[in-house]
Amino acid sequence: MSTVVPISPDEAAGLADEFESRPAEDLVRWTAERFGDRAVLTCSWQKQSSVLVHMLSEVAPGLRVVEFDTGLLFPETYDTRKRLIERYPIKFERIEPELTVEGQAAAHGDRLWERDPDACCGMRKVAPLEQALRGMDAWITGIRREQSTTRQNARKIEVDDRRGVVKVQPLADWTSRDVWRYIWRHGIPYNTLHDHGYPSIGCVPCTTSVNGTHADERAGRWRGTGKIECGLHGR
Ligand code: SF4
């Protein structure tokens, strides 16, 4: 993974200003034109992934797409994956952790997520991401400001200087309602857990439903642990 960021923070800020009022499609198209095969969309099979996979298929179908499989995803998530792969002629590249769930239990003890979720996320999420970003200049994510307080200042274009990439966040200003409107308008397959009290969906052991009273979409993730991000988007 390069640690030289391909654009300066000043250029990123200027571009973020320029794209703030423009449609998400424009930013996806620009990313493909500017970075080509050095850009990657990462996919977690949540509702934002449904939107971005569809959008990419329309405006930049050749862009690299990477999906992560921690081995601990919900059956509904695997079903979403299957339906999206069937529908879109996109090549999804799958990256898995170095250790299987069983291998991790043998090496680090059973149910590591209960004792040290940061270490578990480090092995099952962060390391695969860093593998995906190796040699890349731009990383397209589905982050939205509305999702949580940790994301409320997200810009459409940011510099991730630790990883040496430009983060491109075409949906940063989208509300949950915008996401659903797009999914329904285009009839896009989506993760049905969203219909059952799961506004944000990760691994089975660390995701619970919320009753709809939470302002924070990510309230059901790592509930009761104080952890709110898996380390993919933290600094
Ligand atoms: S979300 Fe939980 S189970 Fe999944 S990688 Fe992180 S700690 Fe492990």
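The values are calculated or read from the model by the stated rules, or taken from the named source; none is laboratory data. Everything quoted here is computed from the prediction, not taken from an experiment. So basically every Cβ, Gly included, is an ideal-geometry build from the backbone, and we count neighbours across all protein chains shown.
Scan Ala106, Ala138 and give me the residue that is farther than 22 Å from Pro199 by Cβ, small (Gly, Ala, Ser) and in contact (Cβ under 8 Å) with a residue 40 or more places away in the chain. Please lay out each step first, then the result.
Numbers: Ala106 fails: in contact (Cβ under 8 Å) with a residue 40 or more places away in the chain.
Being farther than 22 Å from Pro199 by Cβ, small (Gly, Ala, Ser) and in contact (Cβ under 8 Å) with a residue 40 or more places away in the chain holds for just one of Ala106, Ala138, which is Ala138.
Which one of the conditions (1) within 12 Å of the ligand (Cβ to nearest atom); (2) over 26 Å from Arg81 (Cα atoms) does Glu158 fail to meet, given that it meets all the rest?
(1)
In the set Arg38, Arg111, Arg87, which member is modelled with pLDDT of 95 or more, farther than 23 Å from Trp184 by Cα, away from the ligand (no atom under 16 Å from the Cβ) and among the basic types (Lys, Arg)?
On the way: Arg111 fails: away from the ligand (no atom under 16 Å from the Cβ); Arg87 fails: farther than 23 Å from Trp184 by Cα.
Of the residues listed, the single one that is modelled with pLDDT of 95 or more, farther than 23 Å from Trp184 by Cα, away from the ligand (no atom under 16 Å from the Cβ) and among the basic types (Lys, Arg) is Arg38.
Determine which member of the set Arg134, Arg145 is within 14 Å of the chain's Cα centre (by Cα) and surrounded by fewer than 19 Cβ atoms within 10 Å (Cβ to Cβ). Give the steps one after another, and end with the answer.
Numbers: Arg134 fails: within 14 Å of the chain's Cα centre (by Cα).
Step by step, each of Arg134, Arg145 is checked, and only Arg145 is within 14 Å of the chain's Cα centre (by Cα) and surrounded by fewer than 19 Cβ atoms within 10 Å (Cβ to Cβ).
Only one residue in Gly231, Gly197 is at pLDDT below 95, more than 14 Å from Gln48 (Cα to Cα), touching a Ser or Thr at 6+ places or on another chain (Cβ under 8 Å) and not hydroxyl-bearing (Ser, Thr, Tyr). Which one? Working first, answer last.
Values: Gly231 fails: touching a Ser or Thr at 6+ places or on another chain (Cβ under 8 Å).
Just a single option satisfies the conditions, and that option is Gly197.
For the stretch 156-172, which residues satisfy the criterion of being assigned to a loop (DSSP other than H, G, I, E, B) and under 15 Å from the mean Cα position of the chain (by Cα)?
Of the residues in the stretch 156-172, the ones assigned to a loop (DSSP other than H, G, I, E, B) are 156, 161-164, 169-172.
Lys156, Gln169, Pro170, Leu171, Ala172, listed by residue number.
Could you list, in sequence order, the residues of the stretch 170-198 that are without any contact (Cβ under 8 Å) to a residue 40 or more places away in the chain and surrounded by 15 or more Cβ atoms within 10 Å (Cβ to Cβ)? I'd like the intermediate steps shown before the answer.
Within the stretch 170-198, the first condition is being without any contact (Cβ under 8 Å) to a residue 40 or more places away in the chain, and the residues that meet it are 172, 175, 177-178, 181, 184-185, 187, 195-198.
Listed by number, the residues that qualify are Ala172, Asp178, Tyr198.
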